[in-house]
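Asker: Sharing a structure here in structure tokens format.
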Amino acid sequence: MTLRANSDAVSYAKTAHSPTAAAESGDRIEQVKISLAFLPLATPVSDAKVLTGRQKPLTEVAIIFAEIRTLDGFEGVGFSYSKRARGQGIYAHAKEIANNLLGEDPNDIDKIYTKLQWAGASVGRSGMAVQAISPIDIALWDMKAKRAKLPLAKLLGAHRDSVQCYNTSGGFLHTPL
């Protein structure tokens, strides 16, 4: 199984010769890279939509990645995924709004989230728009945890030390009970 990357990944970078007053007051985002990859599934997945004939079995998952770097050298990575829509629309929207991060303080995650929602307001404030912001949001939280030298759960304030796991694939019809 090989991850197949899209060849039109896009990177945005703030030029070093354009300092702003805001950039002089602390660390700022200097580079954002958005990319798309496809993860083929070894066994196609079927659910009730396939059984009714409305959809074909799922054969791959599209993954949208965001890689963010700051002037001080901190980095964060995040991702989002799409199963049925193949990720092209989510990826296109993420590329459209990503340059709005340049020059922002990476610690202002809520402010950046709101800015990205307004940057893509014509797409809406749910569904595809949120899925496009998600890899960026996750990358910012990843960076914040790294900067604090803490696991993300501790940064957010863990409630417990472990999490019970369960198998969610019971809802797919391609596997026996």
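Asker: Just the number, please: carbon plus sulfur as a percent of the accessible area of segment 44-88, 1.4 Å probe, no ligands or DNA/RNA counted.
Answerer: Numbers: 1520 of 2670 Å².
On segment 44-88, the fraction of accessible area on carbon and sulfur atoms equals 57 percent.
Asker: Any idea what the dipole of segment 31-161 comes to, in debye rounded to 20, about its Cα centre with Lys/Arg Cβ at +1 and Asp/Glu Cβ at -1?
Answerer: With only Lys, Arg, Asp and Glu charged at Cβ, the dipole is about 400 debye.
Asker: Could you bin all the Cα-Cα distances of segment 113-155 into 5 Å bins starting at 0 and give me the percent of pairs in each, rounded to whole numbers?
Answerer: Computed distribution, short to long bins: 5, 24, 24, 15, 13, 12, 7, 1.
Asker: Take 161, 27 and sort them by solvent-accessible surface of the protein heavy atoms, 1.4 Å probe, largest at the top.
Answerer: Highest to lowest solvent-accessible surface, that is 161, 27.
Asker: Running Debye on segment 55-160 with equal point scatterers at the Cα sites and no solvent, what base-10 log of I(q)/I(0) appears at q = 0.09, 0.10, 0.14 Å⁻¹?
Answerer: -0.25, -0.31, -0.58
Asker: Let me ask something else. Excluding ligands, DNA and RNA, what is the solvent-accessible area per residue of segment 57-106 at a probe of 1.4 Å, expressed in Å²? Please report the intermediate quantities before stating the final value.
Answerer: On the way: 2170 Å² over 50 residues.
Dividing the accessible area of segment 57-106 by its residue count gives 43 Å².
The values are calculated or read from the model by the stated rules, or taken from the named source; none is laboratory data. For clarity, every value in this text was computed on a predicted model and none was experimentally measured. Positions of Cβ are generated from backbone atoms using ideal geometry, with glycine treated the same way; all protein chains shown enter the neighbour counts. Accessible surface areas use protein heavy atoms only, side chains included; no ligands, DNA or RNA. Shrake-Rupley method; radii C 1.70, N 1.55, O 1.52, S 1.80 Å.
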